[in-house]
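**Q** I am attaching a structure below and will ask some questions about it afterwards.
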Amino acid sequence: MALACFKLPEFLVERDYDKCINCRVCERQCGWEVHSYDEEVDKMFADTEKCVGCQRCAVMCPTGALVISPHPGRYREHGNWTQEHLRDAIRQSETGGVVLAGSGNDKDYPVYWDKLLLNASQVTNPSIDPLREPMELRTYLGAKPESIEVRDGKLVSQLPPQVQVETPILFSALSYGAISFQAQEALARAAAELGILYNTGEGGLHHDLYRYRGNTIVQVASGRFGVDPDYLNAARIVEIKIGQGAKPGIGGHLPGEKVVGEVSVTRMIPAGTDAISPAPQHDIYSIEDLSMLIYALKEATNYQKPVSVKIAAVHNVAAIATGMVRAGADIIALDGFRGGTGAAPKIIRDNVGIPIEFALAAVDTRLRQEGIRNRASIIAGGGFRNSADVIKAIALGADAVYIGTAALVAMGCTLCQKCYTGICNWGITTQNPYLAKRLNPEIATERLVNLVTGWSHEIKEMLGGLGVNSIESLRGNRLHLRGIGLTHGELETLGVRMVGQ
């Protein structure tokens, strides 16, 4: 028996009929079928209950006739039951299912990047003008030796494989299937133009993207989708995915309706079947097991590729990270609880894991205390919003950062958080060919390049203000940071002094 819907609409669609010309652009642009045209009255109408607030119709309306805003109708205010708690409970009472959400944690937890301030040089240690002085953002990812030997001006030591990136900003794991081919192609092209890396995620590598092998990180997750020797050897870095910040301890799930055409071919599974990555990797139940997988991947790639291990930021992350390094990982990828995803149970996304700021500081400190920091690079991810977040992460100990949501926003995403449905009016998180073709890879590439270029310029300006001329000189140098509005315990964990000290 169908149950009546008791849930209030989340958004209000307001149309100015003095401006509306019945062009029906809004109708064609909305994959949610919010807008419709009535020929009898020659008028456009909107079904408010279907609106998800993506703003595509308002942006594309040629006359500016549409305004999409939060719906003014609200349930009675309650100190314990927020509007969101009420909506979710009502929704589950109607479906009996798990409430899913895309994007990252949107709760009002403290953002610790905003509670960290940068130092600035003044007189005795003068600042540097990045427009006139060399400023180095290039860094190298991979394990570093304890020492090196140079003879006659030439390096004779055998180095572990190193991957050069021109700026410490990488595109995080966004798998084909979760995002459209157009979106992944744009990420690959932008990475190639910028001299950085993009990550395939756990969905395999489309055959048309093998030409970007010099800028590709490939993932090996529990589902092993698309994994074969050619896939591994097409990478600059091979990444074992154990966990992710948006859903620690939870596996991956791509609904069967998104496993179509080339997605099924790339993932090497039948079309229409759910792509499920189990929560545990069934061949990793100990650090020894992890070491065996790391060296199996190194053997498969002739020891020419660094192997990264990605984990979610959790309370014992520092101890886990030391085990990973001793198991042979060349790179540790840490993903904080603000990390985005295509689909995650809201209850997990909003309540499990810890902020990347604390995880990063704890891991860097522990590795230094054990004298093994040189044996692995650290890539931090999970909600980076701007260049200030990036440079603060470097000062806390990261070698580079992953950006995912910021990259999607650059391509047009408005964080409507409905990625899991497969309906994306911006053509990013959909496999519907009519919707996906809205994303022009050339334009998306240009926007991604502009974003990272702008952030890199700002990082150089901030480095100059610190009196530092190399991003590697800043790595782990927390004396350049000061905390404001933080407790003693928070300052101690971050390894940062209070402002004024």
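None of the figures in this text is laboratory data; all of them are computed from the coordinates on show. Source: prediction; values computed, not measured. All Cβ positions, glycine included, derive from the backbone under ideal geometry; neighbour counts span all protein chains shown.
**Q** Rounded to the nearest whole Å³, what is the per residue volume of the convex hull around the Cα atoms of the stretch 203-356?
**A** For the stretch 203-356, the hull spanned by Cα atoms encloses 108 Å³ per residue.
**Q** Where does each of S93, S308 land when they are ranked from fewest to most other beta-carbon atoms within 10 angstrom?
**A** S93, S308
**Q** Roughly speaking, what % of Cα-Cα pairs in the stretch 1-94 are separated by over 23 Å, rounded to a whole number?
**A** 35
**Q** Could you tell me how many degrees, from 0 to 90 and to the nearest 10, lie between the Cα long axis of helix 181-194 and the main elongation axis, the longest principal axis, of the Cα atoms of the chain?
**A** 30
**Q** Rounding to the nearest 20 debye, state how big the charge dipole of the chain is about its Cα centre with +1 on each Lys and Arg Cβ and -1 on each Asp and Glu Cβ.
**A** Magnitude of the dipole: close to 700 debye.
**Q** Would you mind pulling out the separation of the Cα centroids of the stretch 208-257 and the stretch 131-153, in Å?
**A** 29
**Q** Taking only the alpha carbons of the stretch 106-245, what extent do you get along each of the three principal axes, in Å, biggest first?
**A** Result for the stretch 106-245: principal-axis Cα extents of 55, 55, 28 Å.
**Q** Just check the chain against the gyration tensor rule for me: Cα atoms, a ≥ b ≥ c as the square roots of the eigenvalues, rounded for a/c under 1.5, and otherwise prolate or oblate depending on whether a/b exceeds b/c.
**A** Prolate, since a/c reaches 1.5 and a/b exceeds b/c.
**Q** Taking the inverse of the average 1/r across all pairs of different Cα atoms in the stretch 360-446, what Kirkwood radius in Å do you get?
**A** About 15.3 Å, per the Kirkwood formula over Cα pairs.
**Q** Let me see the pair-distance distribution of the stretch 370-501: every alpha carbon pair, 10 Å bin width, integer percents in order.
**A** 11, 31, 28, 18, 10, 1
**Q** Check the cysteines of the chain one by one and keep only those with no other cysteine Cβ under 4.7 Å from their own.
**A** Cysteines lacking a close Cβ partner in the chain: C5, C20, C23, C30, C51, C61, C413, C419, C424.
**Q** Based on alpha-carbon centroids, what's the gap between the stretch 167-198 and the stretch 98-115 in Å, whole number please?
**A** Cα centres, the stretch 167-198 to the stretch 98-115: 23 Å.
**Q** Going from the alpha-carbon gyration tensor of the stretch 457-501, what semi-axes, largest first and in whole Å, does one get by taking the root of 5 times each eigenvalue?
**A** One finds semi-axes of 23, 11, 8 Å for the stretch 457-501.
**Q** Can you tell me the order of 121-127, 335-341 when each peptide is scored by its average per-residue count of other Cβ atoms within 10 angstrom, highest first?
**A** 335-341, 121-127
**Q** Could you list, bin by bin from short to long, the percent of Cα-Cα pairs of the stretch 225-283 in 5 Å steps?
**A** Reading upward from the zero bin: 4, 16, 21, 20, 25, 13, 0.
**Q** Ranked highest first by average number of other Cβ atoms within 10 Å, how do 42-51, 149-158, 442-451 line up?
**A** My ranking of the peptides, most packed first, is 442-451, 42-51, 149-158.
**Q** Listed highest first by mean packing, meaning other Cβ atoms within 10 Å per residue, what order do 418-426, 64-72 come in?
**A** 418-426, 64-72
**Q** Further, regarding this structure: Using a/c under 1.5 as the rounded threshold, could you call the stretch 77-162 rounded, prolate or oblate? The axes a ≥ b ≥ c are square roots of the C-alpha gyration tensor eigenvalues, and prolate needs a/b larger than b/c, oblate otherwise.
**A** Here the stretch 77-162 falls in the oblate category.
**Q** Given +1 on the Cβ of Lys and Arg, -1 on the Cβ of Asp and Glu, and no further charges, what dipole in debye does the stretch 63-123 carry about its Cα centre, rounded to the nearest 20?
**A** Dipole of the stretch 63-123, to the nearest 20 debye: 60 debye.
**Q** Share of antiparallel DSSP beta bridges in the chain, in percent to the nearest 5?
**A** 40
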